[in-house]
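The values are calculated or read from the model by the stated rules, or taken from the named source; none is laboratory data. Not measured: the values here are computed from a predicted model. Please note: Cβ atoms are built from the backbone with ideal geometry, for glycine as well, and neighbour counts cover all protein chains shown. All accessible areas refer to the heavy atoms of the entire protein, side chains included, with ligands and DNA or RNA removed. Shrake-Rupley method; radii C 1.70, N 1.55, O 1.52, S 1.80 Å.
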Amino acid sequence: MASSTIISRKMIKLLSPTPSSLRCHKLSFMDHINFPLHSPYAFFYPKIPQNYSNKISQILENSLSKVLSFYYPLAGKINNNYTYVDCNDTGAEYLNVRIDCPMSQILNHPYNDVVDVVFPQDLPWSSSSLTRSPLVVQLSHFDCGGVAVSACTSHTIFDGYCLSKFMNDWASTARNMDFKPSPQFNASTFFPLPSETNLSSTLPATRPSQRHVSRMYNFSSSNLTRLKDIVTKESHVKNPTRVEVASALVHKCGVTMSMESSGMFKPTLMSHAMNLRPPIPLNTMGNATCIILTTAMTEDEVKLPNFVAKLQKDKQQLRDKLKDMKEDRMPLYTLELGKNAMNIIEKDTHDVYLCSGMTNTGLHKIDFGWGEPVRVTLATHPNKNNFIFMDEQSGDGLNVLITLTKDDMLKFQSNKELLEFASPVVESTK
């Protein structure tokens, strides 16, 4: 396993101080009910042009200083009750780290877990929102000359959509210091904290961290088209999305894996995160997502056409419900859905699969000036049966980061139907 050495650690201050009128950033109810975790993303750049090799850190620091002036809550401190951020311009934590191996040793490893070395130790997915900066950046230098840029952002302030906006704006600023981002930290106007609610009771309990293993699989554009054809020819489903057909397949493979272990079928629950922008404006920063819960009570419902049809029906029902719902009711409804899912998990009546997507966000093209990354990934997730979908580097296919227990992964990765439509980004040597 590669080891890392911290070369330097500093706080990046804002280029322009935050006006006193913006000193107190009110968190929304949606922010408040989210798990207070640091979400960890990493971007790998193996070949750095000669004219950038000695300037990378300075470019990142200068551009981060400027972009933080627009994303000022990331440089503040979250209060103990998770009701506001004191935008005191403390700054964002920034580490320069040396990794004692070539990047290829990380990128060519069959398990994604080895990428954890490019993140600050013990920070990814941890409940450190009150003790660490809402944004922690690490620049990792490999022996081969390549670099990785990782960003851990507080989920209390940011959802995945916001992180993608921030990374795109930071990269645009690095390429052109005259660029001006336009985020709006006004989510609390759409999802205000209820004044008479016992707020401490709505905070989710911190989940115990468990170590699992993760692998990344690729669905090519042509294989996604094949899956869509299968679904549409065998059902009344129209225009299934890439994520719908891919998630239906990994769900089916998960069911097969479970049946191999137990010898019997167990009902399933799959959750998908849905962005609420729109109806919420696209530049609204904060948490603005709702979850879609799809169940499969029989083996027949697991079949790809049937599961995609059910997923589309559940999505449309949620859209219809939200369309007629006042915005200030959305967080309570989201909280209710989350509690329903947690109850099912606690009763252990279903196998639960968690899906989230970072597609169509431009994360696969984050270019600070020295080219696009060859891989975008996350640290190992603490939850098993977790699927995170991202655009592949071409933008047409999909990569999915799959986290399972070690024993389940051994069964999952040999599933013939999975391997017919998806391939591991890195082949196992065993």
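Some values worked out for this structure:
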quantity: Gly286, sole failed condition from (1) touching a strand residue (DSSP E or B) at 6+ places or on another chain (Cβ under 8 Å); (2) buried (at least 19 other Cβ atoms within 10 Å of the Cβ); (3) modelled with pLDDT of 95 or more; calculated: (1)
quantity: Test result for Gly338, surrounded by 16 or more Cβ atoms within 10 Å (Cβ to Cβ), closer than 23 Å to Trp170 by Cβ, of a type outside the set (D, E, K, R) and at pLDDT below 95; calculated: no
quantity: From the options Thr232, Thr298, residue that is in a helix (DSSP H, G or I), more than 19 Å from Asn399 (Cβ to Cβ), in the same structural domain as Leu404 (by the TED database) and not acidic (Asp, Glu); calculated: Thr232
quantity: Condition check for Asn306: of a type outside the set (Asp, Glu), modelled with pLDDT of 90 or more, in the same structural domain as Val250 (by the TED database) and outside any helix (DSSP H, G or I); calculated: no
quantity: Subset of region 139-163 [touching a strand residue (DSSP E or B) at 6+ places or on another chain (Cβ under 8 Å), more than 26 Å from Thr284 (Cα to Cα) and either of a type outside the set (Gly, Ala, Ser) or assigned to a strand (DSSP E or B) (or both)]; calculated: Leu139, Ser140, His141, Phe142, Asp143, Val147, Ala148
quantity: Every residue from region 388-406 that is outside any loop (DSSP other than H, G, I, E, B) and at pLDDT 95 or above; calculated: Ile388, Phe389, Met390, Asp391, Leu398, Asn399, Val400, Leu401, Ile402, Thr403, Leu404
quantity: Pairs with Cβ under 6 Å, 6+ apart, first in region 186-199 and closer than 21 Å to Leu22 by Cα and open to solvent by less than 50 Å² (accessible area, probe 1.4 Å), second modelled with pLDDT of 90 or more and basic (Lys, Arg); calculated: Ser188/Lys26
quantity: Positions within region 309-323 being open to solvent by less than 70 Å² (accessible area, probe 1.4 Å) and either more than 25 Å from the chain's Cα centre (by Cα) or outside the structural domain of Cys253 (by the TED database) (or both), in sequence order; calculated: Ala309, Asp320
quantity: Test for Phe166: is it part of a helix (DSSP H, G or I), touching a residue at least 12 places away in the same chain (Cβ under 8 Å), closer than 27 Å to Phe70 by Cβ and not acidic (Asp, Glu); calculated: yes
quantity: Some residue of region 248-259 being under 25 Å from the mean Cα position of the chain (by Cα) and not in a helix (DSSP H, G or I); calculated: no
quantity: Single match in Ser57, Ser16, Ser104 (criterion: open to solvent by 20 Å² or more (accessible area, probe 1.4 Å) and either outside the structural domain of Phe166 (by the TED database) or assigned to a loop (DSSP other than H, G, I, E, B) (or both)); calculated: Ser16
quantity: Candidate set: region 84-94, residues that are in contact with a strand residue (DSSP E or B) (Cβ under 7 Å, 6 or more places away or on another chain) and surrounded by fewer than 19 Cβ atoms within 10 Å (Cβ to Cβ); chosen: the one nearest to Ser188 (Cα to Cα); calculated: Asp86
quantity: Lone qualifier among Asp407, Asp314, Asp320, Asp328 - being out of contact with any strand residue (DSSP E or B) (no Cβ under 9 Å at 6 or more places or on another chain), free of Cβ contacts under 8 Å to residues at least 24 places away in the same chain and more than 30 Å from Ser172 (Cβ to Cβ); calculated: Asp320
quantity: Qualifying residue in region 354-374 (condition: open to solvent by 40 Å² or more (accessible area, probe 1.4 Å), charged (D, E, K, R) and at pLDDT 95 or above); calculated: yes
quantity: Enumeration of residues in region 60-75 that are outside any helix (DSSP H, G or I) and open to solvent by less than 10 Å² (accessible area, probe 1.4 Å); calculated: Tyr71
quantity: Flag for Lys303 being among the basic types (Lys, Arg) and either loosely packed, with under 14 Cβ neighbours inside 10 Å or under 22 Å from the mean Cα position of the chain (by Cα) (or both); calculated: no
quantity: Region 222-236 residues that are modelled with pLDDT of 95 or more, paired with ones that are surrounded by fewer than 19 Cβ atoms within 10 Å (Cβ to Cβ) (beta carbon under 6 Å, 6 or more apart); calculated: Val231/Pro305
quantity: Residue match in region 262-274 (condition: assigned to a helix (DSSP H, G or I), open to solvent by less than 40 Å² (accessible area, probe 1.4 Å) and over 30 Å from Phe191 (Cβ atoms)); calculated: no
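To keep it simple, each residue is scored yes or no on (1) of a type in the set (A, V, I, L, M); (2) open to solvent by 10 Å² or more (accessible area, probe 1.4 Å); (3) more than 16 Å from Val213 (Cβ to Cβ).
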| site | (1), (2), (3) |
| --- | --- |
| Asn383 | no, yes, no |
| Phe389 | no, no, yes |
| Gly395 | no, yes, yes |
| Leu398 | yes, no, yes |
| Leu401 | yes, no, no |
| Leu404 | yes, no, no |
| Phe412 | no, no, no |
